[in-house]
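Inspection log for the structure reproduced underneath, given as structure tokens.
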Amino acid sequence: MNGIQAINAAMMEAMAADPKVLVLGEDVGDREGGGVTGTMKGLSSKFGTERVKSTPISEQAIMGAAIGAAMAGYKPVAEIMMMNFTTVCMDMIVNHAAKLRFMSGGQTSVPLTIRTLTGAGWQTAGQHSDFFEGWFAHTAGIKVVAGSNPADLKGLLLSCIDDPDPCIFIEGGMTLFVPGEVAPDQGPIPLGKANVVVPGSDVTIVSWSSQVLRCQMALQGLAEAGISAELIDLRTISPWDRECVLNSVAKTGRAMIVHEAVRSFGPGAEIAATINEELFGQLKKPVTRLGAPQCPVPFAKVLEDAYIIQPDAIVAAAKALMD
């Protein structure tokens, strides 16, 4: 199945298993199309419009209702159509959902899942394409999750729904349309645990979401250059799997972080700083970070292609690390 089908399968299972699981978002009902990419198709027909609510075009209304439902004991899955639109309800996410457990002395949990779509490569331009995982990873109380393949998308979403705290579930546009094997009994995948996609001995490449797919495209070029790359799919950006990454870099002595978000002040900086602090004496080269330039995602196709970190740039950076 592809990523859309995997997310839909996770929602079907979660809603069948627990009547407290709800869906809120723009156009999520079957009458409206089942969400912007069709990930929610069939849910309102099967579970009813009391549990699958197509909302007005108001991110604040969606988030306010979802937080209230979570505080009342439900497990809402709120769809914010595009990640850029989280800016409209940022106050509710950061100052309420993320902090209510702290502000209540641990008495109030907010088991809320926020699904949101983003990613460059589709000519949706600067107001529909940004990866903002770094914003939310910087906020205490929120888990930030971004799968790269159908099996992980299903398993990670199931874990987010069952988590007692708010989770941002990021759907990278590229990951939704690439097919992959999903076991019939694919269950929850623990949050905070990375996946070693390909083992290697020369350089560690850390990535997540759509960029994992581009890193995989680069592996053949790396192999032809005689470079054995270990590719780690972080899967959860916050909390990230420090142990997996540090163990890998201790083995290879070289590290490269690749993300679609803007490079400056991005999540790669936190990972690079941790590697430097923990493994400074074992590094053969300084940690390399690959990310987008400091500008909005361009609309023009040729500029958008230049904006995205492409496989050839990953190969070139790895070769530089090996010099």
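Below, the figures for the structure above:
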| read-out | value |
| --- | --- |
| Some residue of the stretch 188-197 being under 15 Å from ALA313 (Cα atoms) and touching a Pro at 6+ places or on another chain (Cβ under 7 Å) | no |
| Test for GLY106: is it free of Cβ contacts under 8 Å to residues at least 24 places away in the same chain, among the small types (Gly, Ala, Ser) and either surrounded by fewer than 22 Cβ atoms within 10 Å (Cβ to Cβ) or in a loop (DSSP other than H, G, I, E, B) (or both) | yes |
| Per-region count, the stretch 221-246, residues touching a Pro at 6+ places or on another chain (Cβ under 6 Å) and of a type outside the set (Val, Ile, Thr) | 1 |
| Residue count for the stretch 252-290, restricted to those that are in contact (Cβ under 8 Å) with a residue 12 or more places away in the chain and under 25 Å from PRO199 (Cβ atoms) | 26 |
| Qualifying residue in the stretch 7-19 (condition: over 26 Å from GLU181 (Cα atoms) and modelled with pLDDT under 95) | no |
| Residues that are among the acidic types (Asp, Glu) and in contact (Cβ under 8 Å) with a residue 60 or more places away in the chain, drawn from the stretch 172-216 | ASP202 |
| Per-region count, the stretch 187-197, residues on the phi < 0 side of the Ramachandran plot, in a loop (DSSP other than H, G, I, E, B) and surrounded by 14 or more Cβ atoms within 10 Å (Cβ to Cβ) | 5 |
| Cβ pairs under 7 Å, 6+ apart, first in the stretch 58-86 and under 19 Å from GLY33 (Cα atoms), second open to solvent by 40 Å² or more (accessible area, probe 1.4 Å) and of a type in the set (Phe, Trp, Tyr) | GLU59/PHE85 |
| The stretch 217-238: number of residues that are of a type in the set (D, E, K, R) and within 17 Å of GLN310 (Cβ to Cβ) | 1 |
| Boolean, PRO184 is open to solvent by 30 Å² or more (accessible area, probe 1.4 Å), over 30 Å from ALA69 (Cα atoms), part of a loop (DSSP other than H, G, I, E, B) and not polar (S, T, N, Q) | yes |
| Odd one out for ALA292 among (1) within 21 Å of LYS319 (Cα to Cα); (2) open to solvent by less than 30 Å² (accessible area, probe 1.4 Å); (3) out of contact with any helix residue (DSSP H, G or I) (no Cβ under 7 Å at 6 or more places or on another chain) | (3) |
| Failed item in (1) of a type outside the set (Gly, Ala, Ser); (2) in contact with a Gly (Cβ under 7 Å, 6 or more places away or on another chain); (3) at pLDDT below 95, with PRO184 passing the rest | (2) |
| Contacts under 7 angstrom Cβ, first residue in the stretch 142-171 being closer than 13 Å to GLN5 by Cα, partner of a type in the set (Phe, Trp, Tyr), 6 or more apart | LEU157/PHE169 |
| Condition check for PRO179: assigned to a loop (DSSP other than H, G, I, E, B), at pLDDT below 95 and more than 18 Å from ALA261 (Cα to Cα) | no |
| Residue within the stretch 112-122 that is open to solvent by 30 Å² or more (accessible area, probe 1.4 Å) and at pLDDT below 95 present | yes |
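The values are calculated or read from the model by the stated rules, or taken from the named source; none is laboratory data. Remember, predicted model here, so these are calculated numbers, not experimental data. Counting neighbours? That spans all protein chains shown, and the Cβs are built from the backbone with ideal geometry, glycine included. Just so you know, the surface numbers come from the protein's heavy atoms only, side chains and all, with ligands and any DNA or RNA stripped out. Shrake-Rupley method; radii C 1.70, N 1.55, O 1.52, S 1.80 Å.
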